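Trainee: Below are the structure tokens for one structure; questions will follow.
Every read-out reported here was derived from the displayed coordinates using simple, explicitly stated rules and does not represent laboratory data. Worth saying up front: this structure is predicted, and the values here are computed from it rather than measured. Cβ coordinates were reconstructed from backbone atoms using ideal geometry, including for glycine residues, and neighbour counts include every protein chain displayed.
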Amino acid sequence: MSLIHAEWLKLSRRKLYPATLVAVAAFMALIAFVTTAFADIAPPEFGDAFSVPKPQAFGFGAQQVAGLTWLPLVLSVAVVGGEFSTTVWAHSLARNPSRLGHVVARMVVFTAASWLAFVFGMAVFSAIAAALGSGSGSPPLSEWIGYLWRFAAVALTWTALGLGAVAMTRSMVLGLVITLGFSFADGLVAVFVGNYEAFSLSAASTGLFDTGITGGPFAALIPGTGLSMPHALGIMAGWAAFGFVLTWWGLQRRDA
Amino acid sequence: MTSSDPAIRVRGLTKSYKKVQALAGVDFDVPAGKVTGFVGPNGAGKTTTFRALLGLTRPDSGTIEMLGLPVPRELAVITRRCGAIIEEPGLLQALSGHTNMQIAADTLGLGHGRIQDLLEFVGLADDARRKVSEYSKGMRQRLALAAALIAGPELLLLDEPLDGLDPVGQKVFRSRLRELADEGATVVVSSHDMADIEAIADHLIVIRRGSIAAAGPLDSLLDGGGTRVVIENPSSAMEVLRAAGIEARFTGSELFVSSQDRERIVRTLGAAQMFPSEVSAHRSSLESVFFELTGEEEE
């Protein structure tokens with residue numbers, strides 16, 4: 001537990017985390033406004049603007065939050081990457097030689113921090129959709145609970161990949177370039193290239209959320225909307241395992 | 001482990017990085033409860049040795065015991081009884097000194113009760129809430145020392161802790177290390193600065209090109225094995241001693257005599273009506289011993 005507290009101190013006492021929360025809030029507010037409220041106030045020249053009515057809007061919002069895959073990547077790579085390029089990692093091991101303990105603590109903290117940020121983003125989206133969106137009603141409680149564990153699955157998998165990348169590269173900049181590049185390319189390839197969607201982590205991350213939306217310009221640009229839940233979970237488990245293996249191998253193969 | 005057992009025992013330690021042999025069969029003991037200087041030129045293997053002691057690098061062969069326990073098998077126990085600074089202070093610059101101390105304590109699984117005392121011990125209590133990025137180099141080194149002391153360690157491994165400190169910072173740091181050793185801690189300080197080590201160490205280990213060139217109590221290593229004589233006419237005195245079969249050389253008004261038999265030296269000179277104002281054991285500087293042992297060129 002104390003290792004987890006140490007990692008939490010490292011994250012929570014920096015400006016990075018509050019800054020990511022602000023970015024998440026701003027982005028989700030914009031998405032909520034454009035997809036739930038804009039159609040009602042749009043000038044006539046916009047024609048029939050796309051709009052997601054309530055209660056589907058909430059599931060759509062959850063899917064958009066889960067698409068913020070950069071968040072666990074930035075948190076894990078930025079905080080841990082700096083440690084590898086200095087002697088901070090060596091000093092951590094000199095105080096507690098359990099590499100597994102350090103990895104688990106980081107996994108727990110960055111997953112939890114990302115999950116909290118997702119929940120925060122969902123809250124912002126939901127507030128705007130509830131206040132300004134068309135339609136009425138809310139998903140049942142079980143659906144809301146479902147959003148929470150799905151957010152956790154997305155946060156865990158992308159955190160594992162982020163830690164794996166930084167353990168392999170030992171560089172914050174290189175880790176960010178590789179992981180954010182992968183995040184962008186993976187989603188893009190899943191939309192436009194043949195059967196890749198069946199393996200894409202971005203597709204699985206959003207595919208966990210069945211919004212029931214099949215029309216409009218957004219559905220075609222969101223990978224994974226047709227994936228079944230077991231398929232999406234299988235993809236995520238595979239990528240998470242890959243991230244763990246990368247992290248473990250990256251920390252073992254080189255001296256601290 | 002008894003008090004007479006070494007705090008660290010290293011045998012046959014080897015380590016190669018690709019084609020470079022960093023350690024070529026290193027053997028040494030570090031006596032418990034003393035300050036040991038671990039000196040050598042840059043690239044001699046000091047940091048690699050420290051890293052191997054702490055399990056941060058895997059040696060190719062050899063055995064290490066710290067506090068009577070084998071490394072790496074008992075590292076989990078050893079690291080709770082041992083504090084370390086490895087190369088740089090290893091601090092998170094974006095966080096305050098106090099938060100860095102909290103993280104060090106948490107990583108060891110300890111409470112935060114000693115943090116304030118340690119910050120006072122290293123003179124940083126008033127700056128504890130400032131970010132480490134705003135600290136001077138000396139302040140960072142002192143914070144790193146405080147973090148290394150968080151568990152109240154029996155053994156401190158400090159790799160180049162005085163590097164880059166100004167004279168005042170060095171003096172403060174040295175006095176803190178002396179206090180710790182006087183309280184019974186074993187302190188190992190690596191440095192390539194001989195003045196640092198001579199000022200603080202009781203025991204010395206000299207490493208050169210991955211091998212131990214010398215090890216032992218500082219006084220015995222600095223004992224030049226001869227006698228220093230201050231006399232009015234050293235040139236004539238040298239001739240008198242040489243005539244008596246005693247090898248001698250002089251610099252200025254000082255005569256360096258190879259013999260340690262001071263009574264015979266005084267008697268021989270006295271017979272020639274020459275009376276020295278001072279006769280003492282000849283003590284080499286650590287710097288000259290270092291250059292002699294390592295084969296480095298003096299500038």
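Trainee: Take each uninterrupted DSSP H stretch in chain A, measure its Cα extent along the helix axis, and return the ones at 18 Å or beyond whose mean Kyte-Doolittle hydropathy is at least -1.0. All intermediate terms of the calculation are to be shown ahead of the outcome.
Mentor: Working: long enough: A:16-32 (24 Å, 2.13); A:70-84 (20 Å, 1.68); A:99-132 (49 Å, 1.65); A:141-169 (43 Å, 1.08); A:172-192 (30 Å, 2.10); A:229-253 (35 Å, 0.76).
Membrane-span-like by this criterion, though nothing is claimed about a membrane: A:16-32, A:70-84, A:99-132, A:141-169, A:172-192, A:229-253.
Trainee: Next question, about the same structure. In the calculated pair distance distribution of segment A:1-139, what percentage of Cα-Cα distances lie above 27 Å?
Mentor: For segment A:1-139, the fraction of Cα-Cα distances above 27 Å is 37 percent.
Trainee: Work out the P(r) tail for the protein assembly as shown: percent of alpha carbon pairs separated by more than 46 Å, whole number.
Mentor: Working: 54690 of 153735 pairs.
The answer is 36 percent, as a whole percent.
Trainee: Nothing charged except the Cβ atoms of Lys and Arg (+1) and of Asp and Glu (-1): what's the magnitude of the dipole of chain A about its Cα centre? Round to the nearest 20 debye.
Mentor: Computed about the Cα centre, the dipole is about 1100 debye.
Trainee: If I require 18 Å or longer along the helix axis, counting alpha carbons, and a Kyte-Doolittle average no lower than -1.0, what helices from chain B are left? Use full DSSP H segments. Don't jump to the answer; show the numbers that get you there.
Mentor: Working: long enough: B:167-182 (22 Å, -0.63).
The answer, listed by residue number, is B:167-182.
Trainee: Could you compute the FRET efficiency for residue A:86 and residue B:254, with r as their C-beta to C-beta distance and R0 at 45 Å, rounded to 0.05? List each step's numbers first, then the result.
Mentor: Details: r = 49 Å, r/R0 = 1.09.
Computed FRET efficiency for residue A:86 and residue B:254: 0.35.
Trainee: Kirkwood hydrodynamic radius of segment B:56-189 from all distinct Cα pairs, in Å?
Mentor: Values: mean 1/r = 0.0652 Å⁻¹.
Mean inverse Cα-Cα distance, inverted, gives 15.3 Å.
Trainee: Hey, in the GNM for chain A with a 10 angstrom Cα cutoff, which one of A:245, A:154, A:79 fluctuates hardest?
Mentor: A:245
Trainee: Over the protein assembly as shown, what is the percentage of antiparallel beta bridges among all DSSP beta bridges, to the nearest 5?
Mentor: If we restrict to bridges inside the protein assembly as shown, about 65 percent are antiparallel.
Trainee: Please report how far the C-alpha centroid of segment B:132-156 lies from that of segment B:166-201, rounded to the nearest whole angstrom.
Mentor: 14 Å
Trainee: Additional query: Could you tell me the center-to-center distance, by alpha carbons, between segment B:9-77 and segment B:212-238 in angstrom?
Mentor: First find each Cα centre; the distance between them is then 32 Å.
Trainee: Here's something else I'd like to know. Using R₀ = 41 Å, calculate the FRET efficiency as 1/(1 + (r/R₀)^6) where r is the Cβ-Cβ separation of residue A:16 and residue A:142; round to 0.05.
Mentor: So the FRET efficiency works out to roughly 0.75.
Trainee: Assuming 0.36 nm per residue, please report the length gained on full extension of the stretch residue B:278 to residue B:235 beyond their Cα-Cα distance.
Mentor: Full extension from residue B:278 to residue B:235 adds 13.9 nm.
Trainee: For chain B, set up a GNM with springs between Cα atoms under 10 Å and report which of B:202, B:219, B:166 has the largest fluctuation.
Mentor: Result: B:166 has the largest fluctuation of those listed.
Trainee: Let me have the 222 nm mean residue ellipticity of chain A computed from DSSP H runs of 4+ only, each contributing -39500 (n - 2.57), with the sum over all residues rounded to the nearest 500.
Mentor: Estimated from H runs of four or more residues: -24000 deg cm²/dmol.
Trainee: Taking the number of other C-beta atoms within 10 Å as the exposure measure, put B:259, A:136 in order starting with the fewest.
Mentor: Neighbour counts put them in this order, fewest first: A:136, B:259.
Trainee: Tell me the mean residue ellipticity at 222 nm calculated for chain B from its helices only (DSSP H runs of n ≥ 4, each -39500 (n - 2.57), averaged over every residue, nearest 500).
Mentor: Result for chain B, helices only: -9500 deg cm²/dmol.
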